[in-house]
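I have placed the structure first, in the form of structure tokens, so that the comments after it can refer back to it.
Taken together, the values in this text are just the output of simple stated rules run on the coordinates, not laboratory data. What you see is a predicted model; the values in this text were computed from it and never measured. Here the Cβ positions follow ideal geometry from the backbone for every residue, glycine too, while neighbour counts run over all protein chains shown.
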Amino acid sequence: MLPLLFFSALVASATAANNYTFPEGFDLNQVKAADKAAWCLAERNACPKICGGVADKNTCDTQTLQFSCTCSNGTEADVSPYTETIPFFVCQANYGQCISRSTDLDGDEKCKKAQSECGNRNASEASGSSSKTTTSATSLPSATESSESKKSTGTATSSSPASATTTTNAAVRMAQDHATGILATVLFLGLRLAL
């Protein structure tokens, strides 16, 4: 009974991490493990930018693509309008899957309409909006269509196939917040000692 209760609490807390749900028809099993790892890496890199430079909680599970992006002011970031996030990558992959399932022009148009709703903002441009909330998913596939056949191709690179990671270490956060000042102080003291 106790393990079941623990598992239920774990699932509930993971679900509460963000409220992002995959679009209808999206099949996570069609996404390669390397792509998932690359998407999570991109998500973890975009989160602090969306939060204005610092994120208190920044996780992404490479198996389930469940992620969390909590800014330093405690708000859950809304990453869906941004590229290089889980919602963006999932949206792009869903477009490729949709085109491959489509059998007529009406189906293709529905797929294109859904793709037009994918995030298109650059996370680097969001650096001043830490009070905004953002949640996103990123996918690197691109779909191509020819007159003879429709096929979806996906490409992604990953430098680390790590699973969920979190940046909550106080020393790391302090270094992120004060890196420039610390560097300037060290250089000043070094020059002062040399002269």
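A few remarks follow.
- Hits among aspartates and glutamates - C-alpha to C-alpha of Lys36 under 16 Å, sequence gap 8 or more where chains match: Asp27, Asp61, Glu84
- Ranking of Tyr95, Tyr20 by neighbouring Cβ atoms within 10 Å, starting from the fewest: Tyr20, Tyr95.
- Order of Val79, Val90, Val31 - criterion: other Cβ atoms within 10 Å of each residue's Cβ, fewest first: Val31, Val90, Val79
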